[in-house]
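**Q** Structure incoming, see below.
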Amino acid sequence: LLGPGILPHHCNLMHSEGMVTVTPHGPDADTFVDGQRITETTVLRSGSTLQFGSAHVFKFVDPMFDQGGKRDPNAAMRSRHKSG
């Protein structure tokens, strides 16, 4: 990403064992989860907002959860068997 407040190596996003985390890369890497600035590794939950710098805002959507925020055991199978 490019823009105000974005560093060349801004943060790390990791997916491991069904969990997604974000870790800012230093004190100058403005990173926010649900409007709160984070300074250490933070777990993302489905529906969380993630902001980098002052302009880039994203919504994290975990495909393992249904629309109501409940774990959907069939989601993994649907995402693996897409046709087309």
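**Q** List every residue whose amide H lies under 5 Å from the amide H of Ile38, counting only residues 5 or more places away in sequence or on a different chain, with H placed 1.01 Å from N in the peptide plane.
**A** Those lying under 5 Å, H to H, from Ile38 are Thr31, Phe32, Val33.
**Q** Hey, another quick one. Compute the signed sum of charges (Lys and Arg +1, Asp and Glu -1) over the other residues within less than 12 Å, Cβ to Cβ, of Val20.
**A** -1
A short reminder: the numbers here are calculations on the coordinates, not readings from a lab. Remember, predicted model here, so these are calculated numbers, not experimental data. Every residue, glycine as well, gets a Cβ built from its backbone with ideal geometry; the counts of neighbours run over all protein chains shown.
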